[in-house]
Amino acid sequence: MIGRPTAERLPPWRRRLLLLTWLAAALAICVRAGQIQLVQGPTWRSMAERQHQTDVIVPATRGSILDRDGTPLAVSRERIRVNVAPREIVDIEATQALLREALGLSRSTVARLTSSARAWAVAPDLYAPVVREQLRSLRGVHLERVLQRYHPHGDLARGVLGQLQDDDGVGGVEHTFEALLGGTPGRQVIARDNVGDEIPGERVTMTPPRSGGEVVLTLDMDLQEIAQQALEEAIDQTGAQGGDVVITDPDTGEVLALVSIREGRTMALSVINTPYEPGSTIKPFTVAGLLQNGLVSLDDTVDVGNGVWEIDGRRITDTHTEGRISVADALRESSNIGIAKAAEAFTDGLHYETLRDFGFGGLTGIELTGESAGTLRRPDRWTSMSGESLAIGYELSATPLQLAMAYGALANGGLLLQPRLIKETRDADGKVVDRFDRRVVRRVVAQEVAEQVSAALVDVVEDGTGSSARMASFQVAGKTGTAWLDSGEGYESGAYYSSFAGFFPADDPQLVVFVGLDRPQGTYYGGAVAAPVSRATMEAALAARVTPLDRAALIRSTRPAPMQLPSQAVPSFAYRDEATMRPTQFADATGGLSLPDVSGLPTRVAVRRLHALGLRVMPTGTGDIRATLPPAGTRVAPGDTIDLRLSVKGR
């Protein structure tokens, strides 16, 4: 019988072969193990760590945006996300009761959060930091810090501020200063279980985040609120599709208010990115250029005929002028023919340079992205009628901000300034990184020319197309504009951009105000719909409790008290009562005024009412109106100064 050979029966050579095979296999195993442990070890170790540990970016606290006085406009607000690990809970009933009390949740919601069928649950909202103290020591409840962007003033200045998208700034200051505001993110390591879920409580901060810096704007929130409220009311009253308001300081170039509203939204920024044909608001710069180059004087006259001028197949018309009028009167009455004929003294090059020097056709340099330069074609692209068109505000386009800065050049004696929206920037420790000082772009006209044009613009408001902007206490210089809107395929029928640009006090300007309304319905002339908004804005600025205005300088700029008229000649002043909208008379039979009782009214409303009576107003103190000096019922005359006695609320 032949059986299987045993090891002892194997030939020596086969035994050696088998031994070598075993040794080779063992050696291969050892080599492979060494390769895995020594050579590939770090790779496999790193892979295991990645599976069980994950790096997480910890967002930095975003820096704040403040107004000129340090009022927060956009801040990062801490909120708490509540996470629940039901299987870690020891006392389910006590935990549920505390969650209901601290978070204000229903029984059913808390029951779902604490159900043992779930390994991890997240509460449906973010909560105030106060819940941290209530829930910190609760086993099975894990709190996570979340940062939200918060705007204490709601939609005020939202177009300027911008917004966040995926924690990055989009539009406005948030985008322009993203690198400063965003800060430096930190890093945390979190532990995960075998299925990839986070292990509660296993977070280690490796690198702490560094907070972002601060941006301080030149905006004044009182003026911003005043401008936005006035614009909203005007849009509502006129049926306009939107509008813009710009308020600047003509001496520094600081932007004090910047408002754009389109289709009810304040996120618009058309004030810098949507140019339009300015119409008659361009006429002061035409006149300034003519005066600067010695081509005309304000006393020179032009023949406006019967209000119709046919030139090169085009008709230019006026509504209020006939015969010969002076250049000053052409500006006061906004005569298209008068200004266009005066502008014939320009060469094309000189006309272009004048408009270019005032900033048209170029960027203003404001610290926001998306600004439009508008349109100003070079003379080699002009037609035979371009000179006349440009003189009265057509064949060019400009943004409201460009117009405001150009009027600022007339107000400050002839210097075009770069607009300043940023006052300074600070790092996370509050140290000033950069200050943005006044910057003169160029001198546009001589001081005496600016003063001449300013005086003519006072006449526009006192006795011309801008009379609705006239104030009782101060002289205002300004100009109205009403321009057809071009859709890109020609002018839209019945569509206008109605505007007013001016500054006050005229003899020592502190504010430049531009107001524009897009497609007002019904009455659409700038003098009828935009000028009153400017007046309301300026009056409210005077009444603001905190204001960038120099009140001492304002006192020096008040109108002189008018001469006392015979009693029978004193007019009866009136205003509309805001509750009944009925005219209320205060003139008595002898021609004096019975001072109304304005105690308890908002300061801005009271100032507006007293100005409407021809009275000057000087607030004393801060807070609510408690009395006037002289007291209510006292007989006063137009031009008298009324002292509003204010007191802090609660005193």
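With neighbour counts taken as other beta-carbon atoms within 10 Å, the residues Tyr394, Tyr276 rank, fewest first, as Tyr394, Tyr276.
Considering only alpha-carbon pairs that sit under 8 angstrom and 6 or more positions apart, the relative contact order computed for segment 306-450 is 18 percent. Using a simple spin-label model with pseudo-atoms 7 Å out from Cα toward Cβ, Val308 and Asp550 lie 5.2 nm apart.
Amide H contacts of Arg149: Arg77, each under 5 Å away and 5 or more positions distant or on a separate chain (H built 1.01 Å from N in the peptide plane; Pro and chain starts excluded).
In terms of overall dimensions, the C-alpha atoms belonging to segment 305-362 reach 36, 27, 18 Å along their principal axes, ordered largest to smallest. The modelled label-to-label distance for the pair Arg442/Leu147, using points 7 Å beyond Cα in the direction of Cβ, is 4.4 nm.
Computed from phi, the 3J(HN,Hα) profile of segment 288-301 under the Karplus parametrisation 6.51, -1.76, 1.60 (θ = phi - 60°) reads 4, x, 5, 5, 4, 9, x, 8, 8, 10, 5, 8, 4, 10 Hz, with x in place of Gly and Pro. Using only Cα coordinates, the Kirkwood hydrodynamic radius of segment 221-557 works out to 19.8 Å. Under 8 Å for C-alpha pairs, at least 6 residues apart: give me the relative contact order for segment 221-557, rounded to a whole percent. Relative contact order comes out at 22 percent. Only Cα pairs under 8 Å and 6+ residues apart enter the sum, and on that basis the relative contact order of segment 269-355 stands at 32 percent. Taking 0.36 nm per residue of sequence separation and removing the Cα-Cα distance, the Asp429/Thr207 pair yields an extension gain of 78.1 nm. If the segment from Thr523 to Asn273 were pulled out straight at 0.36 nm per residue, it would be longer than the present Cα-Cα gap by 87.4 nm. Shape call for segment 91-168 from the C-alpha gyration tensor, a ≥ b ≥ c root eigenvalues: rounded (a/c under 1.5), prolate (a/b greater than b/c) or oblate? Note, shape of segment 91-168 comes out prolate. Net charge in the neighbourhood of Asp251 (other residues with Cβ under 11 Å of its Cβ; Lys, Arg +1, Asp, Glu -1) is -3. Is segment 421-531 best put as rounded, prolate or oblate by its Cα gyration tensor, with a ≥ b ≥ c the root eigenvalues, rounded for a/c under 1.5, and otherwise prolate when a/b is larger than b/c, oblate when not? In terms of gyration-tensor shape, oblate. The ranking of Tyr496, Tyr525 by Cβ neighbour count inside 10 Å, starting from the fewest, reads Tyr525, Tyr496. Using only alpha carbons, segment 56-216 has a radius of gyration to Kirkwood radius ratio (Rg to Rh) of 1.05. In this structure, Ser487 and Asp507 have a Cβ-Cβ separation that, at R0 = 56 Å, corresponds to a calculated FRET efficiency of about 0.85.
Spatially, segment 301-371 and segment 383-401 are offset by 8 Å when compared through their Cα centroids.
Taking square-rooted eigenvalues a ≥ b ≥ c of the alpha carbon gyration tensor, is segment 397-448 rounded, prolate or oblate, where a/c under 1.5 means rounded and, failing that, a/b exceeding b/c means prolate? Prolate is the answer for segment 397-448, as a/c is 1.5 or above and a/b outweighs b/c. Relative to one another, the C-alpha centroids of segment 79-153 and segment 226-282 are positioned 45 Å apart. Taking 51 Å as R0, compute the FRET efficiency from the Cβ-Cβ separation of Thr369 and Leu18 and round it to 0.05. Efficiency, from the Cβ-Cβ distance: 0.05.
Using a Förster distance of 56 Å, how high is the FRET efficiency between Asp167 and Thr383, based on the Cβ-Cβ distance and rounded to 0.05? E(calc), rounded to 0.05, equals 0.65. Other residues within the sphere of radius under 15 Å centred on the Cβ of Asn412, judged by their own Cβ, net out at -4 (K and R +1, D and E -1).
Every read-out reported here was derived from the displayed coordinates using simple, explicitly stated rules and does not represent laboratory data. All values reported here derive from a predicted model rather than from experimental measurement. A quick note on method: Cβ atoms are made from the backbone with ideal geometry, for glycine too, and the neighbour counts reach across all protein chains shown.
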